[in-house]
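The values are calculated or read from the model by the stated rules, or taken from the named source; none is laboratory data. Please read these numbers as outputs of a predicted model, since none were measured by experiment. Heads up: the accessible areas ignore ligands, DNA and RNA and are worked out on the full protein's heavy atoms, side chains in. Shrake-Rupley method; radii C 1.70, N 1.55, O 1.52, S 1.80 Å.
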Amino acid sequence: MNRTVQTFFTPANTNCPHNYEMLKEEQEVAALGALHNSAPLTSTVIYIRNETSMPDHVVWSLFNTLFMNSRCLGFTAFAYSVKSRDRKMVGNLTGAQAYASPAKCLNIWALILGIIMTILLNIIPILI
């Protein structure tokens with residue numbers, strides 16, 4: 001496949017850039033020339049931490065603190081949740097899990113006691 005490139009104006013006489021075929025060949029030569037360089041190859045390794053989806057229960061604790069704070073369980077769960085989130089942001093996943101587990105248990109108990117108290121306070125006056 002023989003290609004003939006015709007130029008009507010020479011680049012020396014005009015300020016026009018080279019045609020596409022010449023630029024493409026120059027780029028290929030530059031790329032091949034870079035591969036034969038005698039400089040040692042260097043590599044950079046970037047370690048990206050996997051974002052673990054370990055829950056810290058902050059939203060649930062905040063809900064229990066605002067609406068179902070029976071026996072201050074919601075507030076205590078919120079304190080544990082914030083400590084868990086702080087540990088998770090630093091990268092201490094073991095410490096974060098250690099604080100997230102009691103926060104979950106306290107949230108469960110606060111929710112159960114809050115629901116029971118709501119039912120009792122709404123049904124007993126109706127029955128009396």
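Using a 1.4 Å probe, how large is the accessible area of residue 58, given in Å² and rounded to the nearest 10?
Surface open to solvent at residue 58 totals about 20 Å².
Pop out the Kirkwood hydrodynamic radius of region 52-93 from its pairwise C-alpha distances, inverse of mean 1/r, in Å to one decimal.
When all Cα pairs of region 52-93 are included, the Kirkwood radius is 10.4 Å.
Show me, for region 110-119, the HN-Hα J-couplings you get by feeding each phi into the Karplus relation (A = 6.51, B = -1.76, C = 1.60, θ = phi - 60°), rounded to Hz, glycine and proline as x.
Calculated HN-Hα couplings, in order: 5, 5, 4, 5, x, 5, 4, 5, 5, 5 Hz.
Just to confirm, what accessible area per residue do you get for region 68-122 at 1.4 Å probe, in whole Å²?
63 Å²
For region 56-128, report the translational diffusion coefficient in µm²/s to the nearest whole number, using Stokes-Einstein at 20 °C, 1.002 mPa s, and a Kirkwood Rh over Cα pairs. Let's see the in-between values first.
Values: Rh = 12.6 Å.
Roughly 170 µm²/s, to the nearest whole number.
Within region 59-117, what whole-number % of the accessible surface is contributed by carbon and sulfur, with the 1.4 Å probe and all protein chains included in the calculation? Intermediate values should be presented prior to the final figure.
Numbers: 2610 of 3670 Å².
Heavy-atom surface of region 59-117 belonging to carbon and sulfur, 1.4 Å probe: 71 percent.
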